[in-house]
1. From the list Leu116, Leu82, exactly one residue is surrounded by 18 or more Cβ atoms within 10 Å (Cβ to Cβ), under 60 Å from the mean Cα position of the chain (by Cα) and either within 26 Å of Asp145 (Cα to Cα) or without any contact (Cβ under 8 Å) to a residue 60 or more places away in the chain (or both). Which is it?
2. Can you name the condition, by its number, that Glu335 falls short on among (1) open to solvent by 90 Å² or more (accessible area, probe 1.4 Å); (2) among the charged types (D, E, K, R); (3) under 24 Å from Leu42 (Cβ atoms)?
3. Considering the range 173-209 alone, what residues qualify as being polar (S, T, N, Q), closer than 30 Å to Ser81 by Cβ and either at pLDDT 80 or above or not in a loop (DSSP other than H, G, I, E, B) (or both)?
4. Is at least one residue of the range 465-483 assigned to a loop (DSSP other than H, G, I, E, B), without any contact (Cβ under 8 Å) to a residue 40 or more places away in the chain and on the phi > 0 side of the Ramachandran plot?
5. Check off (1) outside any helix (DSSP H, G or I); (2) open to solvent by 40 Å² or more (accessible area, probe 1.4 Å); (3) closer than 26 Å to Lys592 by Cβ for Gln445 and give me the number that stays unchecked.
6. Conditions first: (1) among the hydroxyl-bearing types (Ser, Thr, Tyr); (2) in a helix (DSSP H, G or I); (3) in contact with a helix residue (DSSP H, G or I) (Cβ under 7 Å, 6 or more places away or on another chain). Ser304 passes all but one, so which condition is the exception?
7. Please go through the range 256-312 and pick out each residue that is among the aromatic types (Phe, Trp, Tyr) and either within 30 Å of Thr170 (Cβ to Cβ) or open to solvent by 40 Å² or more (accessible area, probe 1.4 Å) (or both).
8. Would you mind stating whether Gln240 is touching a residue at least 12 places away in the same chain (Cβ under 8 Å), open to solvent by 70 Å² or more (accessible area, probe 1.4 Å) and on the phi > 0 side of the Ramachandran plot?
Amino acid sequence: MKFWSKSLRTRLVAYFLLLSLPTVTVIGALTFWGARVVITRLVFDRLRVTAFLKADALALWLGNQREATFSIAQLPEIRESLEGLLTQPEDSGEFQEAYRVTQRALRSAVASRPELAEVFILSRTGGKVMVSTQTLHEGQYRVKDTYFIEGLKGAYVQDVYPSPVTGRPTITIATPLRQGNQEILGVLAVHLDLQQMDRIVSERVGLGQSGKTYLVDQYNSFVSGNRFGMDDFPRGIHSQGINRGIEQQLGGGLYLDYRGIPVIGYYMWLEDLNLALLVEIDQVEAFTPARNLAWGIVALGLVSMGLLTGGVYWLAQKITRPILAIKEAAIQVAEGDFSQLAPVMTEDEVGVLARSFNRMTEELRELYAGLQEKVRQLEAAELSVRQSLKELEIEQAKSERLLLNTLPQAIARRLKIGEGIIAEHYDQVTVLFADLVSFTRLSEQVTPKELVERLNRIFSAFDQLSEKHGLEKIKTIGDAYMVVGGLPKPNPDHARAIARMALDMQASIAEYNQRTGESLSLRIGIHSGSVVAGVIGIRKFSYDLWGDTVNVASRMESQGLPGAIQVTAFTYELLKDEFLLQSRGILDVKGKGEMMTYWLIEPIRAVEQKEGGEMEQDQMELSPLWEQFTPSDSSS
């Protein structure tokens, strides 16, 4: 893309290609669609001719079979044997002789005409098969068969139907057998073998590789000499052509066949056979010549484009050479060589451009000399300003860090924008006081530096727990720690967050003792209620809380027991659904009188999952608080 934007010669050639390529593409597309229309018409005509030829062939075939049936009925051997065969008792000599003569005549007829599957004679009374080319059928009764009933009335052709004997598709031709006095004695019936019909239908004359012809009955089933198509297509076959053929329409078009493949098809109804005839060819094959023609035109167009591109490139060179010369001079000037001049190679607009460029270059040389001195002066001033800004940014960053370490982030932002007195009333908060019970005795046994290091390590761990539970640390007083939940951003989960914080603090101290071998313990008190929070101080800010809730929380800590977490009844109501608490009883609280208090034990979920591994996982989450601490720290 960079080369495209920088090369004028390339763009001129590319513009030519961009104009030529759509033209060639459009010509190819129009050629394809035009050829497609012509080919569709030609293929449609070919399919129509094929359909009519096959329809005529089927009609001729069926007519031949009808004539053959009538001819058999008129054979002298059969006519002379009719009376003995159909009127004499079966155990009489006359019947036996007539049977042999008729049997021989029928078999001779079938031998010369393989399309006759079975020829047989039915008695007038009961429709009994008296003689048949398939002797196994002799003695059967066909009195209810349509061809027998209609055959007594006159010559009859029963359309394709499933044979009750073989189950295969068949056509039956029947004609009455008359005595010399025109009295009807029986019926001659012929079951046709439809293999020849299959050959007529399936012969792909002029239909290409994908062309096909098939028959469908009024129930949307394939019809062939061997079987109906219900096994392969139990719900029948459907397409636009099939449906219109069954509706006895004549025509064709482009549609999806029963497989869902686009085809060009022609359909018609065969009245003699009571079947729909369809002739189809896949559109992919039919339109192959159109695609080949279109691609040939596109290929020829691309070759022509290639030849023309060479000529366009040569012309572009001639046109762009003066412009490129000016470009090279401009590059040199841009790099600081103001002595460069553009060659004037033509007298047209490009030549005027070159002369104007040279005059501009002379003016730039004069300006550049004066600007260099000013630039040097400005660079010195800029360096001084940057140094001052950098020092100011460092001091500002220090101030912001100190402010954020002292105050909550939201309160610090309000101070930075110049808000004066900051004081807020919060209706629902929970305050926690914690005191290191044995830390005063420890302070008498270690140096001040070791004392501060250990206290810092413990309170730093508490700070991490405060951030983990979304709480706000207020302050530390000696070895006491104060934290609150529900401000400065209100939190409906403030009591549960403080409860989890308290349990984690006890677990943290237990782990500290395990790692150091010391015996520190925490006394924790918790109370929930309303407070006033605000910032006091002018030069040295402090964010603090006031109110009865703070005092009661402090009393819960001071009147609690080492290693225990004491909460008031108000906090108990907020925790009882999710935490296990144990009643301590009535406690005389200094400044408040008698109050009901409780010991916070553990979450209810932890009690239910004592047997699982989830509690161990929760405890392991505290370990990183002490991972940098080693026992040697306590002995130093």
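The values are calculated or read from the model by the stated rules, or taken from the named source; none is laboratory data. Quantities reported herein were computed from a predicted structural model and do not represent experimental measurements. All Cβ positions, glycine included, derive from the backbone under ideal geometry; neighbour counts span all protein chains shown. Note: areas computed on protein heavy atoms with side chains; ligands, DNA, RNA excluded. Shrake-Rupley method; radii C 1.70, N 1.55, O 1.52, S 1.80 Å.
1. Of Leu116, Leu82, the one residue that is surrounded by 18 or more Cβ atoms within 10 Å (Cβ to Cβ), under 60 Å from the mean Cα position of the chain (by Cα) and either within 26 Å of Asp145 (Cα to Cα) or without any contact (Cβ under 8 Å) to a residue 60 or more places away in the chain (or both) is Leu116.
2. The one condition Glu335 does not meet is (3).
3. Thr175, Gln196
4. yes
5. Result: Gln445 fails condition (3) only.
6. (3)
7. Tyr258, Tyr266, Tyr267, Trp269, Trp295
8. Taking the combined requirement at face value, the residue does not satisfy it.
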